[in-house]
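To keep things clear, I will list the structure first and then write my remarks on it.
Bear in mind that the values in this text are calculations on the coordinates, not laboratory data. As the structure is a prediction and not an experimental result, all values here were calculated from the model. Quick reminder, even Gly has a Cβ in these numbers, built from the backbone with ideal geometry, and neighbours come from all protein chains shown.
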Amino acid sequence: MTRKTPEQLRSHRWFGVDDLRSFGHRSRAAQMGFGREDYKGRPVIGIINTWSEINPCHFHFRERADAVKRGVLQAGGFPVEMPAISLSEPFQKPTTMMYRNLLAMETEELLRSYPCDGAVLMGGCDKTTPALLMGAISMDIPTIFLPAGPMLKGNWRNTPLGSGSDTWKYWAELRAGRIDEKDWQEIEEGIARSPGHCMTMGTASTLTSVAEVLGFTLPGAASIPATDSMHPRMSAASGRRIVEMVWDDLKPSDFLTAGSFDNAVTTAMAVGGSTNVIIHVLAIAGRAGIPLDLAHFDAISRTTPMIANLRPSGAYLMEDFYLAGGLRALLKQLGDRLDLSCGTVNGQTLGQNIADAEIFDKDVIRTPETALSPQGGLAVVFGSLAPDGAVIKPTAADPRLMVHRGPAMVFDDYNDMAARIDLPDLPVTADSVLVLRNSGPLGGPGMPEWGMLPIPQKLLKEGVRDMVRVSDARMSGTSYGTCILHVAPESFIGGPLALVQTGDIISLDVPNRRIDLEVPEDEMARRKAAWTPPPVKFQRGYGVIMSRHITQADKGCDFDFLAGTEPTAEPEIH
Ligand code: FES
Ligand code: MG
């Protein structure tokens with residue numbers, strides 16, 4: 001491998017040349033207290049920090065950036081911390097998903113417009129990971145991903161609590177009258193005990209695992225709890241490594257292959273990962289120019305055993321997973337289901353990085369022989385209700401509902417659902433199929449996590465805990481239930497979901513991967529002719545860009561002008 005010379009660094013153009021502009025750069029660096037010896041001939045490392053005082057998942061990132069800088073300095077680089085928009089899942093409305101592409105664009109443009117030779121991406125809360133990776137892949141300079149790490153496991157009266165999963169569970173218990181307000185407040189105070197992302201195998205843990213298996217993190221990084229002392233040590237190591245990556249010019253395009261993306265999908269299935277992973281991996285692959293479609297996810301899922309015993313599909317939490325050996329131990333079990341020749345940021349192959357991994361708790365991390373399910377966590381269904389596909393997580397659903405026929409109970413949008421779902425006379429039975437529309441990429445807008453529709457209160461009181469639910473929404477990676485999600489095309493643009501009426505029969509057949517609306521074609525044609533598109537959602541601002549350019553769920557919801565592999569142009573003007 002040939003090493004770069006200092007004159008070949010991208011930042012040389014800012015600091016090294018002798019012209020009027022570089023005088024400006026150097027004098028303004030001096031203004032911040034940095035002399036020439038601080039940066040001369042050294043790789044400039046952009047640390048993209050998504051820390052914010054309204055993001056509990058990244059609350060430790062302010063300190064962690066210092067550990068990264070320590071590593072960069074040790075290795076002879078010049079660290080520059082640059083804040084980027086923080087997508088805080090618990091606080092941002094209508095959904096952080098609306099802003100994933102904004103952060104992706106911000107990441108690409110920060111790295112492009114500033115003198116960055118390499119990047120450390122700090123993220124972990126759901127949409128942050130794909131957003132940062134998308135932007136960095138498009139920019140294609142040496143990049144390492146620093147996962148936030150899961151928070152400690154929750155606790156209520158010595159019972160472990162899992163982010164999201166146990167919120168939904170105890171909310172249903174509260175509505176059913178089985179716990180009281182005092183219990184509920186205790187749960188509120190015990191479910192999130194430290195900084196870090198959700199510690200179930202939700203979207204965050206799924207996507208950081210994907211980032212690791214794609215080769216973007218140091219080996220084992222994704223499983224380290226946010227507050228474990230290993231985490232700052234891993235952060236410093238990431239800082240040291242990125243400087244070497246710059247000298248070696250090891251870029252995402254040097255290690256991302258079709259095999260890496262198959263590895264990512266296989267891993268997502270083996271961990272029983274979030275349904276959201278499908279949308280995000282489609283978008284990430286799109287940036288890398290690797291063709292991927294929904295059917296491919298389903299094909300890999302059918303042959304991948306689910307071997308992580310983690311909520312919501314299993315029993316344990318991420319802290320247990322880390323102590324049991326973490327992602328490396330799990331990957332080792334997948335053996336030649338993975339392409340072990342794929343490269344990673346440490347310059348080794350994936351195979352080399354997991355060669356000595358061991359399982360320390362065989363109940364938490366299973367083997368293919370003791371798998372929780374012989375197939376992966378996710379399935380893709382097609383049919384007259386979802387011509388371009390929809391997604392379900394069968395491992396977190398009631399097996400009795402995998403083949404089901406029932407009458408639709410239609411809610412036109414989220415507010416309609418919220419207003420009526422608990423009415424005592426809502427005409428539903430346990431066999432009804434709850435339908436929610438106008439919750440897709442354009443209709444939501446931003447495809448909120450509304451897909452786990454609540455069970456109507458009158459049925460909860462009868463003991464019903466799962467029903468078939470269909471929507472063009474997403475659901476939280478920590479959710480569970482027989483929820484058909486991401487229906488494409490969405491209702492807002494006139495997909496068949498827009499034409500369903502209460503009482504229509506919907507049939508679901510997960511083993512045969514079908515979801516159908518049993519309404520004759522001529523009747524559907526009549527309804528379509530009578531359908532009028534809803535009014536546009538945005539008159540100004542970012543929403544207008546999103547409405548004009550977002551793709552449907554089966555394409556990954558990237559913006560059409562950001563997808564693809566057109567190189568990011570270097571700034572032309574000095
Ligand atoms: Fe940030 Fe779940 S809320 S990862
Ligand atoms: Mg989530």
Residue by residue through segment 94-105, which ³J(HN,Hα) values in whole Hz follow from phi under the Karplus form 6.51 cos²θ - 1.76 cosθ + 1.60 (θ = phi - 60°), with glycine and proline marked x? x, 5, 4, 4, 4, 10, 4, 6, 5, 5, 4, 5
Residues of type lysines that residue 251 reaches as a straight line, Cα spacing below 29 Å, ignoring anything fewer than 8 places off in the same chain: 4, 40, 69, 127, 332, 555
With Cβ to Cβ distances under 14 Å as the rule, what net charge do the other residues near residue 547 carry (K, R +1; D, E -1)? +1
When all C-alpha to C-alpha distances in segment 379-537 are sorted into bins of 5 Å, what percent of pairs does each bin hold, rounded to whole numbers? 2, 10, 20, 25, 22, 14, 6, 2, 0
Order 222-231, 99-108 from most to least packed using the mean count of other Cβ atoms within 10 Å. 99-108, 222-231
Note down the net charge around residue 489, summing +1 for each Lys or Arg and -1 for each Asp or Glu among other residues with Cβ under 9 Å from its Cβ. -4
Based on other C-beta atoms within 10 Å, arrange 542, 114 from fewest to most. 542, 114
Mean separation of Cα contacts under 8 Å (at least 6 apart) over the residue count of the chain, i.e. the relative contact order in percent, is 14
Might you list the cysteines of the chain that have no disulfide-compatible partner by the rule of another cysteine's Cβ under 4.7 Å? 116, 198, 342, 483, 557
So which chymotrypsin sites (Phe, Trp or Tyr not before Pro) in segment 304-362 are both in a DSSP loop and have at most 14 other Cβ atoms within 10 Å of their Cβ? 360
Cleavage-rule hits, trypsin sites (Lys or Arg not before Pro), segment 493-572, DSSP coil, Cβ neighbours within 10 Å at most 13: 540
Radius 12 Å from Cβ of residue 233, net charge of other residues (Lys, Arg +1; Asp, Glu -1): +2
Protection-proxy order for peptides 349-355, 283-289, each taking the mean of Cβ atoms within 10 Å per residue, highest first: 283-289, 349-355
I need to check one value: relative contact order of segment 379-537, counting alpha carbon pairs closer than 8 Å and at least 6 residues apart, in percent. 30
For 254, 516, what ranking results if the residue with the fewest other Cβ atoms within 10 Å of its Cβ goes first? 254, 516
If you wrap a convex hull around the Cα atoms of the chain, how much volume per residue is inside, in Å³? 151
Write out the GluC sites (Glu not before Pro) in segment 116-223 meeting two conditions: DSSP loop, and at most 11 other Cβ atoms within 10 Å of their Cβ. none
The residues 171, 156, 450, 14, sorted from fewest to most surrounding Cβ atoms within 10 Å, come out as 171, 156, 14, 450
Principal-axis tilt of helix 203-214 within the chain, Cα atoms, nearest 10 degrees: 50
What 222 nm value per residue comes from the helices of the chain, counting each DSSP H run with n ≥ 4 as -39,500 (n - 2.57) and dividing by all residues, nearest 500 deg cm²/dmol? -10000 deg cm²/dmol
